[in-house]
Amino acid sequence: MSSTGPADRPGGADRIPSLPGRFRAVIFDLDGLLLDTEPGWHRAEAELLRRHGAAYTDADETATLGWSVDSTLRRYLLRLGLGDSALPDLTRELMDLARQEYAGPIPVRPGAAELVARLRGRVPLGIASNTARSLVLSALGSAPFGDAFHAIVSAEEVARPKPAPDVYLEACRRLGVEPSDAIGLEDSASGIAAAKAAGLTVIAVPQWAVVDTSAADHVVTSLEKLPSGPPVMNGWRAPP
């Protein structure tokens with residue numbers, strides 16, 4: 001794992017601001033939280049299974065929300081009756097399909113651009129994602145966030161993907177903050193578990209009703225519900 005460098009700062013090595021008060025950083029998930037990439041992943045997975053003679057089901061869509069590519073494909077290996085030796089080829093095939101989905105502009109989730117703009121310059125911002133770094137950077141390249149994020153960590157850069165805490169711990173390390181001083185924003189159960197295990201205060205913003213948000217500290221229906229300052233700061237509590 002490398003320290004923060006130019007690759008983590010799309011806009012250059014600007015100084016990370018400090019913010020007085022309870023929280024010193026906000027770390028976002030990407031897929032389904034900032035950007036509406038989940039439909040693209042569903043299409044890619046459905047096409048992958050179709051090519052191999054299997055059907056993509058509602059259960060697949062629900063079960064794999066927030067999962068890493070490796071975990072998702074291990075589920076499909078069982079479905080297809082394939083052994084672990086087939087995993088590299090399936091991974092390449094799914095990533096090729098995913099790159100096609102990430103090639104064009106991706107819809108921004110409601111309130112995402114506005115919240116990032118309000119927080120930018122007031123508190124260090126990071127991204128902790130189970131998605132491959134190349135796809136994360138591709139998605140951000142067409143998103144209206146500019147160089148707002150000081151640290152971008154993908155699952156391939158750490159030992160374990162979500163629901164393990166590794167991506168959040170590494171994001172906090174690169175931002176130079178203790179996990180207890182950071183907020184994690186998540187839309188999936190595996191992401192919530194990862195941020196909680198890392199020691200962050202977690203706000204869940206689920207896109208799907210089936211997501212178990214019981215482990216989150218706060219739950220809101222949209223990023224539009226969040227105020228201009230870091231949540232839970234100065235006694236603030238998330239609205240329903």
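Here are a few candidate values for volume of the Cα convex hull per residue in Å³: (i) 142; (ii) 130; (iii) 112. Which one was actually calculated from the structure I just gave you? So the calculated entry is the one marked (iii).
Is the C-alpha gyration tensor of the stretch 122-192 telling us rounded, prolate or oblate? Criteria: a/c under 1.5 is rounded; beyond that, a/b larger than b/c is prolate, otherwise oblate. The shape class here is oblate. For the stretch 18-67, the alpha-carbon coordinates run over 56, 16, 13 Å along the three principal axes, in decreasing order. For the stretch 91-197, the dipole from Cβ point charges (+1 on Lys and Arg, -1 on Asp and Glu) about the Cα centre works out to 160 debye, to the nearest 20.
Over 14 Å, how big is the tail of the calculated P(r) for the stretch 72-126, in percent of all Cα pairs? Of all Cα-Cα pairs in the stretch 72-126, 69 percent lie more than 14 Å apart.
Note on the chain: dipole from Cβ charges, positive end direction compared against VAL202, ALA189, LEU49; the farthest Cα belongs to VAL202. Over the chain, DSSP H runs of length four or greater, each weighted -39,500 (n - 2.57), average out per residue to a 222 nm ellipticity of -10500 deg cm²/dmol. Placing a label point 7 Å from the Cα of ARG160 along the Cα-to-Cβ direction, the residues of the stretch 115-134 whose backbone N falls under 16 Å from that point are 130. Potential lengthening of the chain between SER214 and GLU114 amounts to 33.3 nm, from the contour at 0.36 nm per residue minus the alpha-carbon distance. Across the protein chains, with a 1.4 Å probe defining accessible surface, the residues VAL108, VAL177 rank VAL108, VAL177 from largest area downward. Three semi-axes describe the equivalent ellipsoid of the stretch 49-151; taken as square roots of 5 times the Cα gyration tensor eigenvalues and ordered largest first, they are 32, 13, 13 Å.
Site pair LEU78 and ASP96 shows an inter-label distance of 2.7 nm when each label is modelled 7 Å from Cα along Cα→Cβ. For the stretch 189-229, just say rounded, prolate or oblate: build the C-alpha gyration tensor, square-root its eigenvalues into a ≥ b ≥ c, call rounded for a/c under 1.5, and beyond that prolate if a/b exceeds b/c, oblate if not. Taking the square roots of the gyration eigenvalues as a ≥ b ≥ c, the stretch 189-229 is oblate. Between the beta carbons of ARG43 and ARG133, assuming R0 = 25 Å, the FRET efficiency works out to 0.70 to the nearest 0.05. Taking amide H atoms as placed 1.01 Å from N in the peptide plane, list the residues 5 or more away in sequence, or in a different chain, whose amide H sits under 5 Å from that of ILE127. Under 5 Å from the amide H of ILE127: PHE28, ALA151, ILE152, VAL153. The mean accessible area for residues of the chain, using a 1.4 Å probe and ignoring ligands and nucleic acids, is 42 Å² per residue. Note on the stretch 37-140: with charges restricted to the Cβ of Lys and Arg (+1) and Asp and Glu (-1), its dipole about the Cα centre is near 420 debye. Full extension of the segment from ALA55 to GLU178, taken as 0.36 nm per residue of separation minus the current Cα-Cα distance, would add 39.9 nm. If you sort HIS150, HIS218 by accessible surface, 1.4 Å probe, largest first, the order is HIS218, HIS150. Take the solvent-accessible surface of the protein heavy atoms, probe 1.4 Å, and return the percent of it on the stretch 60-205 that carbon and sulfur atoms account for. Of the solvent-accessible surface of the stretch 60-205, carbon and sulfur hold 53 percent. Taking a ≥ b ≥ c as the square roots of the eigenvalues of the alpha carbon gyration tensor, the stretch 101-240 is rounded, as a/c is under 1.5.
The values are calculated or read from the model by the stated rules, or taken from the named source; none is laboratory data. All of these numbers come straight from a predicted model, not from anything done at the bench. Virtual Cβ from ideal backbone geometry, glycine too; neighbours counted across all protein chains shown. Accessible surface areas use protein heavy atoms only, side chains included; no ligands, DNA or RNA. Shrake-Rupley method; radii C 1.70, N 1.55, O 1.52, S 1.80 Å.
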